[in-house]
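The values are calculated or read from the model by the stated rules, or taken from the named source; none is laboratory data. None of these values were measured; they are calculated from a predicted model. As a convention, Cβ positions derive from the backbone with ideal geometry for all residues, glycine included, and neighbour counts pool all protein chains shown.
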Amino acid sequence: MFELIGIPPQALFGQLLLGLINGAFYAMLSLGLAVIFGMLNVINFTHGAQYMMGAFAAWLLLGILDVPFWASLVLAPILVGLFGVVLERVMLKRIYHLDHLYGFLLTFGLALVIEGLFQWKWGSSGAPYPNPIPGGYNLGFMFMPTYRAFVVVAALVICLATWYGIERTKLGAYLRAATENPTLVRAFGINVPRLITLTYGLGVGLAALAGVLAAPIQQVSALMGTNLVLVVFAVVVIGGMGSIMGSIVTGFGLGLIEGLTKVFYPPASNTVIFVVMALVLLIKPAGLFGQTK
Amino acid sequence: MAETLLKVEDLQAWYGESHILHGVGFEIGRGELVTLLGRNGAGKTTTLKSVMGIVEKRTGSVTFEGKETVSQPSDAIARLGLAYCPEERGIFSSLNVEENLMLPPMVRPGGMSLSEIYQLFPNLQERRRSQGTKLSGGEQQMLAIGRILRTGATLLLLDEPTEGLAPVIVQRIGEIIRQLKGRGFTILLVEQNFHFAATVADRHYIMEDGHVVDIMTAADVKQNIGKLQAYLGV
């Protein structure tokens, strides 16, 4: 059947799997970006650098302290998240009352500085990270590497856990309320500045967690997150600024669309997400899941 | 007057460059129900916000149970036992009714339980899974009041709870406010609707241009009605 339209099934499913994995990363990263934007009103362009830091943290933990992958999955996000907390306390908190442009300049500049420092110390060629679960299954129509299947499942679990945390818990209710009206939430006795710091730390930790998951698939390199942040930003815009479910669905969906584009018309695969973004903004300016304010 | 709970002296407040309050002073005893009356723009809402610590800049003195709060952030002030119900009600659209009710954290023991609050506002229980902003105006007002009863706060700051509501709802809110006073809450009420205020309050402070210009007890109101009407421009 597939041969009828001239596409061998291995190529189709291979690209779909690749799309799904890319989508898993888009979803995890856009989730953090969306949560941070909702609370801080800052588009965190340092997100890609923080994703890279997660991968590096795992790589360094393994190389220097012999910490295994599974422990890094917990440790690296905590370390990078703490770095985020410091960043928020020292720099970001000073710009909340200013125009979005300042947040963009600050976080974008920080990303350049961080990536530059990593590049200076470790070069840009990248280092491999050993696959913690090698092997795979032959599904008949394609070969499924075990680790990649794990990444897709792990990303789904992480996304749903984040969604649950925000939509169904008390802390999540504080977060949602403070996103809408921080002044009133603070007047109820909640320490909103601390909540903002915590949100940023969690969002950054989520980016680092994605970085750790990416380490065995990609080369661990200083620039691994540079282009990603643009795509992820597009995902957030398409999903609707600040919408959690929107980020998850759009992340996975766009990964798949990108994969399919690679099968049917490869030259467009780098731009298809931005074309989708333009179309969505024309039809629904608030994004697919966004609410017009 | 009973033991003083809240004492405000020479309170000044600013929004950006505009100087709104020019030395407001008043006090409330524990268990009292006091109103701030005055025309639009007299500074009533700003006074409430300044007591709660949510204006950009304020000076002077605001003591609650003898503790100075004027340099404290609003979350610290709330934790002393003050609770604020804003004029625009501030219902969160991303939270359902029950989440809205449960949002403000307990600041002291002795607040009302959720079931007591539902007894007071049966409509809210029926609609507890609805999105907060899908309620009618009256229900949203009840939610905004109900929300601050759980926390154990002893002083309630209510900003125009009757604004824009039908007479039958205004009457219901009046009953509720009297019940709350009966339960021992101290209430500072900002009102435009003097007829409503007169039915519930012990004392009235009349504000004009960012000052308190007169004080009347509930008993004085009848003989001073002409003066009061002149103040309020009715």
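With respect to B:Thr151, determine if the residue is at the interface with chain A (Cβ under 9 Å from one of its Cβ atoms), under 20 Å from B:Leu6 (Cα atoms) and among the β-branched types (Val, Ile, Thr). The answer is yes for B:Thr151. Filtered by the rule that a residue be under 7 Å from B:Asp75 (Cα atoms), in a helix (DSSP H, G or I) and not aliphatic (A, V, I, L, M), the stretch A:184-200 gives a lone residue, A:Arg186. Taking residues in the stretch B:74-93 that are more than 7 Å from every other protein chain (Cβ to nearest Cβ), and partners anywhere that are basic (Lys, Arg), the pairs with Cβ atoms closer than 9 Å and at least 6 places apart or on different chains are B:Leu80/B:Lys67; B:Leu80/B:Arg108; B:Gly81/B:Arg108; B:Ala83/B:Arg147; B:Cys85/B:Arg147; B:Ile91/B:Arg147. For the stretch B:27-41, the set of residues classified as in a loop (DSSP other than H, G, I, E, B) and either within 14 Å of chain A (Cβ to nearest Cβ) or touching a helix residue (DSSP H, G or I) at 6+ places or on another chain (Cβ under 9 Å) (or both) consists of B:Gly31, B:Glu32, B:Arg39, listed by residue number.
For the stretch A:188-218, filtering for residues that are crowded, with 21+ Cβ neighbours inside 10 Å, over 23 Å from A:Ile95 (Cβ atoms) and either facing chain B (nearest Cβ under 10 Å) or not hydrophobic (A, V, I, L, M, F, W, C) (or both) leaves 4. The one condition from (1) assigned to a helix (DSSP H, G or I); (2) farther than 24 Å from A:Ala286 by Cβ; (3) away from chain B (no Cβ under 14 Å); (4) modelled with pLDDT of 95 or more that A:Lys262 does not meet is (4). Number of residues in the stretch B:124-156 that are without any contact (Cβ under 8 Å) to a residue 12 or more places away in the chain and not acidic (Asp, Glu) equals 3. Scanning the stretch A:5-53 for residues that are surrounded by fewer than 24 Cβ atoms within 10 Å (Cβ to Cβ), closer than 22 Å to A:Val212 by Cα and in contact with a strand residue (DSSP E or B) (Cβ under 9 Å, 6 or more places away or on another chain) returns a single hit, A:Leu17. Of all residues in the stretch A:169-192, those that are within 16 Å of B:Met106 (Cβ to Cβ) have Cβ atoms under 9 Å from Cβ atoms of residues that are basic (Lys, Arg) and part of a helix (DSSP H, G or I), 6 or more apart or on another chain, in A:Ala187/B:Lys49; A:Gly189/B:Arg79. Being facing chain A (nearest Cβ under 10 Å), surrounded by 15 or more Cβ atoms within 10 Å (Cβ to Cβ), part of a helix (DSSP H, G or I) and of a type in the set (A, V, I, L, M, F, W, C), is that true of even one residue in the stretch B:54-68? So far as the stretch B:54-68 goes, no, none of its residues is facing chain A (nearest Cβ under 10 Å), surrounded by 15 or more Cβ atoms within 10 Å (Cβ to Cβ), part of a helix (DSSP H, G or I) and of a type in the set (A, V, I, L, M, F, W, C). With the structure loaded, tell me whether A:Leu171 is within 25 Å of A:Ala111 (Cα to Cα) and surrounded by fewer than 23 Cβ atoms within 10 Å (Cβ to Cβ) or whether it fails that test. Spelling it out, it is not the case that A:Leu171 is within 25 Å of A:Ala111 (Cα to Cα) and surrounded by fewer than 23 Cβ atoms within 10 Å (Cβ to Cβ). When you look at B:Asp159, is it free of Cβ contacts under 8 Å to residues at least 12 places away in the same chain, buried (at least 18 other Cβ atoms within 10 Å of the Cβ) and not small (Gly, Ala, Ser), yes or no? Answer is no for this residue.
In this structure, B:Leu189 qualifies as away from chain A (no Cβ under 14 Å), touching a residue at least 40 places away in the same chain (Cβ under 8 Å) and surrounded by 21 or more Cβ atoms within 10 Å (Cβ to Cβ).
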